[in-house]
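Heads up, the thing below is written out as structure tokens.
The values are calculated or read from the model by the stated rules, or taken from the named source; none is laboratory data. Keep in mind the model is a prediction, meaning the values are calculated, not measured. When we count neighbours, we look across all protein chains shown, and the Cβ atoms used for this are built from the backbone with ideal geometry, even at glycine. These accessible areas exclude ligands, DNA and RNA; they are computed on the full protein's heavy atoms, side chains included. Shrake-Rupley method; radii C 1.70, N 1.55, O 1.52, S 1.80 Å.
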Amino acid sequence: MSNPEPIRGREALEARELSTLAPYAQKSGESAGRKHREPRHPFRTEYQRDRARIIHSRAFRRLEHKTQVFLSGTSDHLRTRLTHTIEVASIARSIAAALALNEDLAEAIALAHDLGHAPFGHSGESELNRLMRDRGGFNHNQQSLRIVELIETKYPDFPGLNLSFEVLEGLHKHGALPQRKRRVVARHPSLEAQIANLADEITYYSHDLDDGLDSRLIEPAQLAGLEVWRHTFEEVRRDYPRLAGPELNGYVIRCIIDRQVQDVITNSAAAIEASGVQSADDVRRQRKPLIRYSPELRAGNRTLRKILYANLYYHPSVATSNRRACRMLRDVFNFYVREPALLGSGAVRRVRREGLARSVCDYLSGMTDGYLLDEYVRLFGEAGPPKLNRRLRLKKAD
């Protein structure tokens, strides 16, 4: 009987990255580190640690009950912010693996990219941004960074999750990239971060369309002029002429995703080769992102985006629910600005350092859809403002 394989420690995992990943991949052993120094883990790479910290965070668990398109609880089959996030992570790993890039880093960025989303999806984000217009605004990408750098409190020695520089870099979707501990002036993040960004786009285009069809707010006939749909639909009907209804629509969506992923892999590989990059920092110096669609698919996705906005995101049944939810969000926000002592204990502690409005915004943006709806009823009763439940004049815990 042969001896069991020796335990593989972190050093072995890092060595395997060096021997199997492309030269321009971001290796965990070459990480720029963390803001707060910690000893390295004996069995996990830096990005594997990041992934675990994200999955074990409170903010990640709350994504299960946050809106993707339809308010959480609308249907057992429609996507939530958590299922969307898992789908993004899956696609990101697939693209990274095909391009010999760091799958763990791409997945960690994908898992963290929506941690800062407000309740009620993009409508809730827009409402919080209006409420914070003169006080720094609100953006879910920036809020994701606030969560992992400040708001999560899981460790006694520092605030936040103390994620690696490369994961934080990947969460900077807009604005200047962080330059900490790096001599290179970065125009773009790592290829793994670029993959997570495009995987997010692939996922919400295709899966929001899937939910729109499943909910019957979008009909296949409305998509007949859309090349992204028509090309794949015709192929599926040719190969499976008996397929019909939801099964047909669902398989078309599956094939659209596969087509998009293959398109990104093929075109990104060509762009990487043409660029001549030989390191992760070479990637950061490039004038344009190297992870990309073909021009044809990029144009098709822009048209799909317009259809989704016109027929799904702004559909009366979705918009009406969102307007009511945003009004409730606004009322709860204004209440806590007047009554800050009733905030959760963590938010109360942050008021002196972060300011009242920002602390209220942090508190509300962390709520799930259901919690905010319950909070509204607790504060105002079923009838809504100005009726106030005075029994709530008790300090609440987080």
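Worth pointing out:
- Residue match in region 182-190 (condition: within 30 Å of E38 (Cβ to Cβ), at pLDDT 95 or above, outside any loop (DSSP other than H, G, I, E, B) and open to solvent by less than 10 Å² (accessible area, probe 1.4 Å)): no
- Criterion: modelled with pLDDT under 95 and open to solvent by 40 Å² or more (accessible area, probe 1.4 Å) - qualifying residue of A221, A269, A274: A221
- Each residue in region 287-310 was checked for being open to solvent by 40 Å² or more (accessible area, probe 1.4 Å), touching a residue at least 60 places away in the same chain (Cβ under 8 Å) and over 23 Å from S275 (Cα atoms), and 2 pass.
- If the condition is being open to solvent by 20 Å² or more (accessible area, probe 1.4 Å) and over 11 Å from E192 (Cβ atoms), then region 81-96 contributes L82, T83, I86, E87, S90, S94.
- Residue, modelled with the lowest pLDDT, within region 377-387, restricted to residues that are more than 22 Å from R61 (Cβ to Cβ) and open to solvent by 20 Å² or more (accessible area, probe 1.4 Å): K387
- Screening E30 with (1) within 21 Å of the chain's Cα centre (by Cα); (2) at pLDDT 95 or above gives one miss only, at (1).
- When region 294-332 is filtered for residues that are touching an Asp or Glu at 6+ places or on another chain (Cβ under 6 Å) and assigned to a loop (DSSP other than H, G, I, E, B), only S294 remains.
- Subset of region 188-238 [within 15 Å of Y293 (Cβ to Cβ) and of a type in the set (D, E, K, R)]: D200, E201, E227
- All conditions in (1) touching a residue at least 60 places away in the same chain (Cβ under 8 Å); (2) assigned to a helix (DSSP H, G or I) hold for D258, with the sole exception of (1).
- Restricting region 109-159 to residues that are buried (at least 18 other Cβ atoms within 10 Å of the Cβ) and among the hydroxyl-bearing types (S, T, Y) leaves a set whose member that is farthest from A347 (Cα to Cα) is S123.
- When region 43-70 is limited to residues that are more than 13 Å from the chain's Cα centre (by Cα), at pLDDT below 95 and buried (at least 23 other Cβ atoms within 10 Å of the Cβ), the one that is nearest to E17 (Cα to Cα) turns out to be V69.
- Residues that are surrounded by fewer than 22 Cβ atoms within 10 Å (Cβ to Cβ) and not in a helix (DSSP H, G or I), drawn from region 340-354: G344
- Residues within region 355-368 that are open to solvent by 10 Å² or more (accessible area, probe 1.4 Å) and free of Cβ contacts under 8 Å to residues at least 40 places away in the same chain, tallied: 2
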